[in-house]
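Beneath this line is the structure, given in structure tokens, with notes to follow.
The values are calculated or read from the model by the stated rules, or taken from the named source; none is laboratory data. Source: prediction; values computed, not measured. Positions of Cβ are generated from backbone atoms using ideal geometry, with glycine treated the same way; all protein chains shown enter the neighbour counts. These area figures cover heavy atoms from the full protein model, side chains too; ligands, DNA and RNA do not enter into them. Shrake-Rupley method; radii C 1.70, N 1.55, O 1.52, S 1.80 Å.
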Number of protein chains: 2
Amino acid sequence: MSAALPASTLAPDDLSALCLGLAQRAKAASRVLTTVPTAAKNRWLLLAADALLAHQDELIAENAKDVAAAPGFGLNAAAIDRLTLNPKRIAAAAEGLRQVAALPDPVGEVREATERPNGLQVLKVGVPLGVVFFIYESRPNVTTDAAALCVKSGNAVILRGGKEALHSNTALHHLLSIELVRAGLPANAVQLVPTTDRQAVGHLLAMNDLIDLAIPRGGKSLIQRVAAEARMPVIKHFDGVCHVYVDAAADLAVAERIIVNAKCQRPGTCNAAECLLVHAGVADEFLPRAGAALQAKGVELRGCPETCRRVPGARAATEDDYRTEYLDLVLSVKVVAGFDEAVEHIATYGSHHTDAIVTRDIGAARAFTRRVDSAAVMVNASTRFNDGFELGLGAEIGISTNKFHARGPCGLRELTTYKFVVTGDGHVRE
Amino acid sequence: MSAALPASTLAPDDLSALCLGLAQRAKAASRVLTTVPTAAKNRWLLLAADALLAHQDELIAENAKDVAAAPGFGLNAAAIDRLTLNPKRIAAAAEGLRQVAALPDPVGEVREATERPNGLQVLKVGVPLGVVFFIYESRPNVTTDAAALCVKSGNAVILRGGKEALHSNTALHHLLSIELVRAGLPANAVQLVPTTDRQAVGHLLAMNDLIDLAIPRGGKSLIQRVAAEARMPVIKHFDGVCHVYVDAAADLAVAERIIVNAKCQRPGTCNAAECLLVHAGVADEFLPRAGAALQAKGVELRGCPETCRRVPGARAATEDDYRTEYLDLVLSVKVVAGFDEAVEHIATYGSHHTDAIVTRDIGAARAFTRRVDSAAVMVNASTRFNDGFELGLGAEIGISTNKFHARGPCGLRELTTYKFVVTGDGHVRE
């Protein structure tokens, strides 16, 4: 399989030309993709799934080079595990491609249709965005997921994976490219930035005339860099400081189940809870039992004085704690005087990602869903449900806390825009 | 009525503090607007319409100060006419407010509703964007239109009109504010930047933590400045280089009616046609008659050699002509060898705004609507129909050629985003 160019062989002008070439080829491919039938895109996805399985041994061999080099990049055991490909993970990646093939095509979808009083037919029709620049960190299965979602939604994609996964990504991209040609799609529908030079990202983020959207996926510093440098729109969230608010009218057994799930089921994810807010009226009854249940799962609690008084072993929270996305088995806790204080706390310290209320009071539930300004607001459900698959989008390329374009989980439809298609019989304006 | 501060009285630090105060008050007002009932917003719109009529004389007196000063700002007769308020125009502004009151409220609208297999109810609900910064040039009726659309869609708005209209805008804003309070809405839902200092715009465009959207409306240089400086998303189009393509299978009488309407009905608008493309197969028959019809309406034609050969009086077009938005009775014309050349010409020279095909061939119509990457694609209809009212949106705050968020005319719904509201019975993820 083709090797990537090492960064050191490229002079600045060559790097700039290389990036321009990538973007121009992507733009040309995107124009072809606009009119490609759904069947051809699905054929590619199924061929690519078969190719992953058929070339499993080569993929694992290439991946082994990355795994061997990983300690040199400073990766810890957990990161090396996420980087590693094995037959089970390759099968899962192939299954992911098949699932995207099974999803409806958002391109050509008629989203609204009206006939005006003068007989003019007005359709709003789904169309691709164009070219997506996707920048991500080490897990190689993201390579196939992102390529599948972008191409199925009619977009060309430029992939920029982490340097730690370069051999794996190059091998995966090679297979995807071969099958693009076999399926009759433009080979440049999926391109991989063939250098690990960090400046390549800066060049591409400046090309807003050729690239329509940037999507960073990884740590906060990566996302901040992309948001600061990109001249095109960015689908992103910086962090997920997600809250569970236990209302005065909560079913406390439900509240305990939800906070334990929201914190512990997968603490490293953006939709895991980072802060528990408890109405003062139920603090005496709820905090000791919930605190013990969380501690039994290994959660460190950092609370306000009212919390610490009720939960043995809880340490005092600082102001900073309430702004922190721990991504770990740590939870900040605060007792609030009432509903309004909970909403104000979330507005002040939250990140507009996912916030939940636990209550049996329908009025409190309605007020919470209206007043909390987050991408997803949960009533009597775990914050962990803010996920493209769980909310019925089929798959997701990321979760947005932007208010513009798409908010919350972004699936195939969120990778498209629309155009108005207006048909008359010679209509003119009077 | 309150007078605006003259720019010269403000030191740089004071200007910066003034802008920050505007944005902070707007943000606070926007949080209240999120939960305001539709009835209160409509009550304000109707009260404001009454107030415009009741205070017609004062409005005209304030406007007279702007009109008197207008020649000193270099405004020509047409611009002074647009600036002038009279009873008829005030009545039209009041009627505009009443029409917005009659439109459906996009806030709280359930846009999608599903129940997941596990019983979780998932709603996508319309919510306001937050704070809109609206920057526009002289026509004072835009002040009431923009305020109406922003507040009805639940957003606070900061208005920045042209210096030429400062007295008129201050008087209009004063009336709108009084009626906000009377209707029980936050007074800061509509604010006017109370200085004509150009640096105020720069300050506000940098406040992406407080302002969610910028909308510039005016000449290309204003829009370019806003797009370059804004750190928040911008709804905009730079220009409208709109095409009418007359296909080999066109009904030539329809084609003539459409190009005359698209060019002449209101040549100064962004959706007026600027370029006519004619299939070589019908050029002999179509160009002499269409050329004469356009010239009879006072249109200057600038054509390719094939055009000039067939249209007496047409002068030779330069390469630049094909990129120019004339906004005047001038039209570039080109004979193309076939459908593909027409589509390529539009891709190369167009501005992705509005492009039309005239044809009886359904295959050509379908291919054109798929391949032309514009906000609105017209089949056998004038480009002039790309307009919020004509396409059924009720009203519009602008037309977007962005692909992100909203494309084409932007009405009330395009001034909103959505949130996911997810309700369970204690659901947790396994």
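Please give the charge dipole size of the protein assembly as shown, origin at the Cα centre, charges +1 on K and R Cβ atoms and -1 on D and E Cβ atoms. Round to the nearest 20 debye.
340 debye
Could you give each residue of the range A:145-159 its phi-based ³J(HN,Hα) in whole Hz, using Karplus coefficients 6.51, -1.76, 1.60 with θ = phi - 60°, and x for Gly or Pro?
Using θ = phi - 60°, the values come out as 4, 5, 4, 5, 5, 5, 6, 4, 8, x, 9, 7, 10, 10, 9 Hz.
Using 1/(1 + (r/R0)^6) with R0 = 51 angstrom and r between the beta carbons of A:Ala40 and A:Phe73, what's the FRET efficiency to the nearest 0.05?
0.85
Relative to the present Cα-Cα distance, how much length would full extension add between B:Leu252 and B:Arg366 at 0.36 nm per residue of separation?
Difference between extended and current length: 39.1 nm.
Could you check the spin-label model distance between B:Ala293 and A:Arg98? Points 7 Å from the Cα along Cα→Cβ, value in nm.
Placing both labels 7 Å beyond Cα along the Cβ direction yields 5.9 nm.
Picking from A:His405, A:His173, A:His352, which is most flexible by a Gaussian network model of chain A using Cα springs under 10 Å?
Its mean-square fluctuation being the largest, the pick is A:His405.
Hand me the tally of lysine pairs in chain B: alpha carbons under 22 angstrom apart, and the pair either on different chains or 8 or more positions apart.
Lysine pairs satisfying the spacing and distance rule in chain B number 22.
Quick one: label points 7 angstrom along Cα→Cβ at B:Ala17, distances to the other copies in nm, smallest first?
Inter-copy label distances (nm, one decimal, shortest first): 5.6.
Would you work out the relative contact order for the range B:7-229, in percent, from Cα pairs under 8 angstrom that are 6 or more residues apart?
That works out to 30 percent.
Mind telling me which of A:Ala272, A:Ala39, A:Ala280 comes out most flexible in a GNM of chain A, alpha-carbon contacts under 10 Å?
With Cα springs under 10 Å in chain A, the top fluctuation among A:Ala272, A:Ala39, A:Ala280 is at A:Ala39.
Label position 7 Å from Cα toward Cβ: report the copy-to-copy distances for B:Arg98 in nm, one decimal, ordered from shortest.
Inter-copy label distances (nm, one decimal, shortest first): 6.3.
So what is the 222 nm mean residue ellipticity for the protein assembly as shown from helices alone, if each DSSP H run of at least 4 adds -39500 (n - 2.57) and you divide by all residues, rounding to the nearest 500 deg cm²/dmol?
Computed mean residue ellipticity for the protein assembly as shown: -13000 deg cm²/dmol.
What percent does the relative contact order of the range A:193-311 come to when contacts are Cα pairs within less than 8 Å and at least six residues apart?
19 percent
Taking the rotation that carries A onto B, look along its axis and tell me which residue of A has the beta carbon nearest to it, distance in whole angstrom.
Checking which Cβ lies nearest the axis yields A:His405, 2.
I want the local charge near A:Pro104. Using Cβ-Cβ distances under 10 Å, sum +1 for each Lys or Arg and -1 for each Asp or Glu among the other residues.
Summing Lys and Arg as +1 and Asp and Glu as -1 gives 0.
Net charge near B:Asn76: determine it from the other residues with C-beta under 14 Å of the C-beta of B:Asn76, scoring Lys and Arg +1 and Asp and Glu -1.
Spelling it out: positives minus negatives among the neighbours equals -3.
What is the helix-to-structure angle for B:38-54, meaning the angle in degrees between its Cα long axis and the longest Cα principal axis of chain B, kept from 0 to 90 and rounded to the nearest 10?
80 degrees
Just to confirm the number: angle between the C-alpha axis of helix B:362-371 and the first principal axis of chain B, 0 to 90 degrees, nearest 10?
50 degrees
Does anyone have the angle between helix A:280-296 and the longest principal axis of chain A? Alpha-carbon axes, 0 to 90°, nearest 10?
Long axis of A:280-296 versus the principal axis of chain A: about 60 degrees.
Which percent of the accessible heavy-atom area of the protein assembly as shown goes to carbon and sulfur, probe 1.4 angstrom?
Roughly 53 percent, rounded to a whole number.
Quick check: net charge around B:Gly126, other residues with Cβ under 9 Å of its Cβ, Lys/Arg +1 and Asp/Glu -1?
That sum, taken over residues with Cβ under 9 Å, equals +2.
What length, rounded to one decimal in nm, is gained on full extension from B:Leu20 through to B:Ala113, with 0.36 nm per residue of separation minus their alpha-carbon distance?
Extra length available between B:Leu20 and B:Ala113 comes to 29.6 nm.
Treating the point 7 Å from Cα along Cα-beta-carbon as the label, what are the nm separations from B:Glu300 to the other copies, to one decimal?
Listed shortest first, these distances are 7.5 nm.
For the pair B:Arg309 and B:Asp340, what calculated FRET efficiency results from E = 1/(1 + (r/R0)^6), where r is the Cβ-Cβ distance and R0 = 22 Å, to the nearest 0.05?
The calculated FRET efficiency here is 0.45.
Residue by residue, what Karplus-based ³J(HN,Hα) values in Hz, rounded to whole numbers, does the range B:224-237 have, using 6.51, -1.76 and 1.60 with θ = phi - 60° and x for Gly and Pro?
Residue by residue, the range B:224-237 yields 5, 4, 4, 4, 6, 8, 5, 9, 9, x, 10, 8, 6, 9 Hz.
For chain B, calculate the relative contact order in percent as a whole number, restricting contacts to Cα pairs under 8 Å that are 6 or more residues apart.
Here the relative contact order equals 18 percent.
Pop the C-beta distance of B:Asp425 and A:Ile178 into the FRET formula with R0 = 45 Å and round what comes out to the nearest 0.05.
With R0 = 45 Å, the Cβ-Cβ based efficiency is 0.40.
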